[in-house]
Amino acid sequence: MPPQSLAGNVPVILLLLLAWVYLTGVPVRAGDVPPLLRIGLDGVAMSADPHRQNSADSRNLAFHVFEPLIMPDLALGTVPWLATEWRPVGERDWVFTLRPNVRFHDGKPLAPEDVAFTFCRLDSNGGSMSGLIAGVERVAARDAGSVQITTQGPNPLLPQLLTMISIIPAPNGWKEPYVPGGCANMAAALTSLGEDRFANGLVPGTGPYRLTAFTSGGPAELARTDGYWGTQPYWEQVRLLPIPGGAARARALVAGDVDIINQVVPESLEFLAGRRDLRVVDSRPLRTLILTPNPIGPLADPAVRRALAMAIDRVSLARRVAQGSAEPAAQLAPVGILGHEPRAAIGFDQINARHILEKSGVSGGRTLRLITVEPFARVAEGIARYLLAVGVTLDIRFVAVGNVLPAMQSLDYDLFLSGWIAFTGELGYTGRELLHSRDPARKTGNQNFVGYSNPEIDRLLSLAAMESDRGKRGLLLGEMAMIASRDMPVIPTIHLARRWAMNAEIRFDGRVDGNTLATLITPASARTQ
């Protein structure tokens, strides 16, 4: 019998490959079709709605499907995206030119009305994302290819704030401008934007992927879209897998169950970094881990909160607990972030800390409940050791990454350890979200769940938000930081780097914002061609 060519069996071979990928989840290597990328994450979004929560896991899913006018770059800068350019017009207006030939997944062209409607929806939703549009007075089409945003006063950081807002399509025929609290016909429009429609992939985005399967807090499946306006990503299919435990993520990577993981924990670092078949990358240490004290109870006194802050040896905590991926956080803003104020630094003084805590009755057998997420377990345990040295015991409990905001709102804790990044490169937005008096009407204090209020901090933040001169803005934010260091509404601990590990056959450059985007992950061979 003569040798038989395989050419006639190509469809069969292709079907076998597809079945193998589907059934086993084995990542695709060179020549396989379609390429599948599996990303192991500490958490996957609780909602597929990009406007539901202002959280890292929510943005990580959203930016595969939906896109902002301006994209954040690797180092907190800005990159033209759905808007190709923007410019201020006078003190209160900005004009954004939309990228031509961009379409939503259903074929609808991107229009200025989509931007206005997105603002209307954010306003009607309220919640943790509304602070991004605080101070915006009107959004409307300027012409067929541009949108004009009017603010209540000068707003120099508007472009940076827009990097966090995913644009969604307006209903057919929508022509209404955005005005705070007054968008017409919103009730009817919102009926087509229920949670189930986002979860089922029925709300189209402009991004390189569409959502094909989603479970709240569970796996998410993405498929590459045809006709994407930008560079097509390499991966035809993407699977986002929640793996809450740091050790479990490392095991999944080593076993080949995933191709890349985020939030590499210190316990796994040496082992993963020592393997030739893996690669580890990290970002600048700009993510600040903060303790939020519940002011109802023994931590109501600022002196007690300062004593807890003084009891923590941040230098040792950063060195021993984070293994080279952190710096001590003597204040809320890392070095290089506008608003960093050397005079606001917190010292390490356990003798005075113990004296204050004993005098207030907090030390000497009292147990405080600390809530955090599993990736911060080692930091929480380090803090517990320092506080134990001054007579305070911590009862550490964990919540799922996707449940952080509800858990913080519950106030069922004495201390909450969470992460925050000044994604605008300045302390202003951070202060407005965490430290400003909570005021839903003004969209301030959206994540100030403990009710802290200081009129002078509010005043300084309001002035800084409208100050166009960067130097003057920095002075205002520095004064705000000084007051925060006295009141201690939040206790900075360390500035932490983001860290990823991946199969050596792929490449990804770590991002300060923590997003693990399939669009930025490529085969290693693609970087060398």
Total residues in region 425-480, condition within 19 Å of Leu132 (Cβ to Cβ), of a type in the set (A, V, I, L, M) and not in a loop (DSSP other than H, G, I, E, B): 5
Among the residues listed as Arg59, Arg99, the single one being outside the structural domain of Ala422 (by TED's automatic domain parsing), farther than 21 Å from Trp420 by Cα and basic (Lys, Arg): Arg99
Only listed residue being under 22 Å from Ala464 (Cβ atoms) and among the charged types (D, E, K, R), chosen from Glu137, Glu113: Glu137
Region 462-502, subset out of contact with any Pro (no Cβ under 7 Å at 6 or more places or on another chain) and polar (S, T, N, Q), residue farthest from Gly246 (Cα to Cα): Ser462
Strands (runs of 3 or more DSSP E) within region 118-232 that include 1 or more residues more than 26 Å from the chain's Cα centre (by Cα): 136-143, 146-151
Residue in region 417-424 that is modelled with pLDDT under 95, of a type in the set (A, V, I, L, M) and out of contact with any helix residue (DSSP H, G or I) (no Cβ under 6 Å at 6 or more places or on another chain) present: yes
Residues (within 30 Å of Gly245 (Cβ to Cβ) and buried (at least 19 other Cβ atoms within 10 Å of the Cβ)) located in region 348-369: Leu368
Flag if Gly419 is more than 22 Å from Asp301 (Cβ to Cβ), under 19 Å from the mean Cα position of the chain (by Cα) and small (Gly, Ala, Ser): yes
Some residue of region 385-393 being of a type in the set (Gly, Ala, Ser), in contact (Cβ under 8 Å) with a residue 24 or more places away in the chain and closer than 26 Å to Gln53 by Cα: no
Counted residues, region 362-394 - those being under 16 Å from Met408 (Cα atoms) and either basic (Lys, Arg) or in contact with a helix residue (DSSP H, G or I) (Cβ under 9 Å, 6 or more places away or on another chain) (or both): 7
Pairs where the first residue, in region 154-169, is modelled with pLDDT of 95 or more and the second is of a type in the set (Phe, Trp, Tyr) and crowded, with 23+ Cβ neighbours inside 10 Å, C-beta under 6 Å, 6+ apart: Ser166/Phe66
Residues of region 486-513 satisfying the condition of being closer than 16 Å to Leu332 by Cβ, buried (at least 19 other Cβ atoms within 10 Å of the Cβ) and either hydroxyl-bearing (Ser, Thr, Tyr) or modelled with pLDDT of 95 or more (or both): Met488, Pro489, Val490, Ile491, Pro492, Thr493, Ile494, His495
Restricting region 315-344 to residues that are charged (D, E, K, R) and over 21 Å from Gly478 (Cα atoms), the residue that is surrounded by the fewest Cβ atoms within 10 Å (Cβ to Cβ): Arg320
Some residue of region 70-79 being more than 27 Å from Gly510 (Cβ to Cβ), in the same structural domain as Lys175 (by TED's automatic domain parsing) and free of Cβ contacts under 8 Å to residues at least 60 places away in the same chain: no
Candidate set: region 403-424, residues that are in contact (Cβ under 8 Å) with a residue 12 or more places away in the chain and in a helix (DSSP H, G or I); chosen: the one farthest from Thr372 (Cα to Cα): Gln409
Members of region 42-77 found to be of a type in the set (S, T, N, Q) and under 11 Å from the mean Cα position of the chain (by Cα), listed by number: Gln53, Asn54, Ser55, Ser58, Asn60
Selected residue (only one of Gly218, Gly230, Gly245 is in the same structural domain as Asp277 (by TED's automatic domain parsing) and touching a helix residue (DSSP H, G or I) at 6+ places or on another chain (Cβ under 7 Å)): Gly245
Residue within region 364-373 that is modelled with pLDDT under 90 and within 25 Å of the chain's Cα centre (by Cα) present: no
Enumeration of residues in region 88-116 that are surrounded by fewer than 20 Cβ atoms within 10 Å (Cβ to Cβ) and either among the basic types (Lys, Arg) or part of a helix (DSSP H, G or I) (or both): Arg92, Arg99, Arg103, Lys108
Boolean, Val280 is assigned to a strand (DSSP E or B), within 18 Å of Leu520 (Cα to Cα) and in contact with a helix residue (DSSP H, G or I) (Cβ under 8 Å, 6 or more places away or on another chain): yes
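The values are calculated or read from the model by the stated rules, or taken from the named source; none is laboratory data. It should be emphasised that the depicted structure is a prediction, and the values quoted were computed from it without experimental measurement. A quick note on method: Cβ atoms are made from the backbone with ideal geometry, for glycine too, and the neighbour counts reach across all protein chains shown.
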